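One structure is given below, encoded as structure tokens.
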Amino acid sequence: METVLGLVFHAHGLAAFRAAAGTLAGVRLEWVTYQREAEIRPAVAQLLASRHIDGLLLGLVPYTECRDLLPPELQIAVTKPVALDLALMFCRAQARGWPLTPASIDTFDTETVDEVAAALGADRDRIAVLPYATTSSAAEITAFHREFQDKEPGACVLTLRTAVARELGGTRLVTTDQVVSTIRARLHELVLRIESERANAQRFAAGVFLLSTRDGAVDLDRARVRLLNLLVQTSDFADAWIENRDRRGVVVFAHHALFERITDHWVSVPVLAHAEAALGFRVVAGFGVGASARNCVLLAERAAARAEAEGVSCGYLIEDSGVIIGPMGRSQPALAFAYRAHTAELEALARGAGLSTVTLSRLAALEKTLHGKAIAPSDLADSLGITDPSGRRLIRKLLASGLVHSDGTAQNHRKGRPTRLYRLAIAAAVEAVRGRES
């Protein structure tokens, strides 16, 4: 699956960022450049609204300007100035015939300045430092440099802030772009973090849903069958394997990512409210993540027992690493997209496309997980557990029925033909059918 990264930086650093990104393959880059700091926030807001982004690389200033806009699940890397950047700035000053000291420096940490000054043999007592702070404006940083120049006439100004450089253009001024190797290291680290998160999302997991017997007598056999059918008919469990566990329990096998999604990142279990409303009695949930199916189920059963002891409908997670999360409430709205609620529309679309309702339901659930992101036929086949040729045939049927749209290509490898990408459009088709019928 293609990785999409957003890069946010000042326009004068474009060459450095392009050079740093030149070694990345299988990654699509979305560039956001700015000339003035006031441009950052609207540009990032537009990027997040118009694109699906897996990760975002940005500097200290852009991060400060738009951090409240960034989704909590988005992987972020912040480029920070390092000792090599400062050493190069001192070298530039010397190349122009300026002494190392006196000098005033902004943005760099005090420890970095101490390290570089000691390595270059500079008089640290004649260097003023204003470390980066989210509350410091460009005007305050400019005032800091000017105040030092009043004390030390002829002092050099070493700044990474373009707004400050514009104000102090008539002084001994040194600016620099970040080193390409530093940007490249952060880019590769961000991609590896995204890939690691994806791999973790594919870890095997289990969920155990139990009928609570603490509220009085319950016809367990009948209630268990109703609970199983309810979970099977819920679109969010389309990619899961569901079966009876014992007289009062149902076990669900799926990837870690599926359970993380239906619990809103282990915050709540809305399906419990849905089950309680439909069945009329309390249901609790336990989730287990381990190294084997057996271990996952054992951990899930322990988590379910702990949830039942809470006395309310809730869920717990227990991982083999020792992590325990809970209780996860059921305060969120019940799941709104269930198979049973949309059977008529899905059946109509399935008949028109020459597909089974089950297949189209699974595709609808897959579309929800993609959040508008395009997918390759091979990735679609993997998601449905079918062969690549079957996936391509399925794409052709969906195209003919208008349930998928072509969305460009991706070149994941330097050699070979580009892979065509497609964007699922089943949810829109369901809404269109419902609109015609109403």
Please name whichever of Ala87, Val251, Ala117 sits farthest to the positive end of the charge dipole of the chain, dipole taken about the Cα centre and charges placed at Cβ: Lys and Arg +1, Asp and Glu -1. Val251
The chain: relative contact order from alpha carbon pairs under 8 Å, six or more residues apart, as a whole percent, is 11
Sort Leu399, Leu56 so that the residue with the fewest other Cβ atoms within 10 Å of its own Cβ comes first and the one with the most comes last. Leu399, Leu56
Within the range 110-131, what residues put their amide N at less than 16 Å from the label point 7 Å along the Cα-to-Cβ vector of Ala83? 110-122, 124
Please report, in debye to the nearest 20, how large the charge dipole of the range 204-328 is about its Cα centre when each Lys and Arg carries +1 at its beta carbon and each Asp and Glu carries -1 there. 300
Leaving out same-chain residues fewer than 8 places away, which aspartates and glutamates sit with a Cα under 18 Å from that of Lys80? Glu37, Glu65, Asp106, Asp109, Glu111, Asp114, Glu115, Asp177, Glu189
Please name which of Leu360, Leu421, Leu370 has its Cα lying farthest along the dipole of the range 340-437 towards the positive end, using unit charges on Cβ (Lys, Arg +1; Asp, Glu -1) and the Cα centre as origin. Leu421
At what distance in nm do the modelled label points of Arg124 and Thr387 sit from each other, each positioned 7 Å from its Cα along Cα→Cβ? 6.9
Neighbour count of at most 11 Cβ within 10 Å plus DSSP loop: longest trypsin sites (Lys or Arg not before Pro)-free window in the chain: 248-413
Among Ile194, Leu69, Ser390, the residue whose Cα sits farthest towards the positive end of the charge dipole of the chain (+1 at Cβ of Lys and Arg, -1 at Cβ of Asp and Glu, taken about the Cα centre) is Ser390
Could you give the spread of the C-alpha atoms of the range 204-328 along their three principal axes, from largest to smallest, in whole angstroms? 37, 29, 25
Indicate, rounded to the nearest 5 percent, the antiparallel portion of the DSSP beta bridges found entirely in the chain. 45
Quickly work out the Thr33-to-Ser137 label distance, labels modelled 7 Å from Cα along the C-beta direction, and quote it in nm with one decimal. 2.8
Within 10 Å of each residue's Cβ, count the other Cβ atoms and sort Cys91, Cys314 from fewest upward. Cys91, Cys314
Estimated FRET transfer efficiency (Trp98, Ser181; beta-carbon r; R0 30 Å; 0.05): 0.70
Can you compute the charge dipole magnitude of the range 340-437 about its Cα centre, using +1 on each Lys and Arg Cβ and -1 on each Asp and Glu Cβ, nothing else charged? Give it in debye, rounded to the nearest 20. 360
Give, rounded to the nearest 20 debye, the magnitude of the charge dipole that the chain has about its Cα centre when Lys and Arg contribute +1 at Cβ and Asp and Glu contribute -1 at Cβ. 1500
Label selected from [x] 88, 53, 41; [y] 66, 56, 50; [z] 80, 67, 44, the criterion being Cα extents along the principal axes in Å as computed here: [x]
Point-to-point label distance, Arg193-Ala427, nm (Cα→Cβ direction, 7 Å offset): 2.7
For n ≥ 4 DSSP H runs only, could you compute -39500 (n - 2.57) per run for the chain, divide by its residues and tell me the 222 nm figure to the nearest 500? -13500 deg cm²/dmol
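Each value in this text was obtained by applying a stated rule to the coordinates, not by laboratory testing. Fair warning: this is a prediction, and the values are worked out from it, not measured in the lab. Cβ atoms come from the backbone with ideal geometry, glycine included; neighbour counts cover every protein chain shown.
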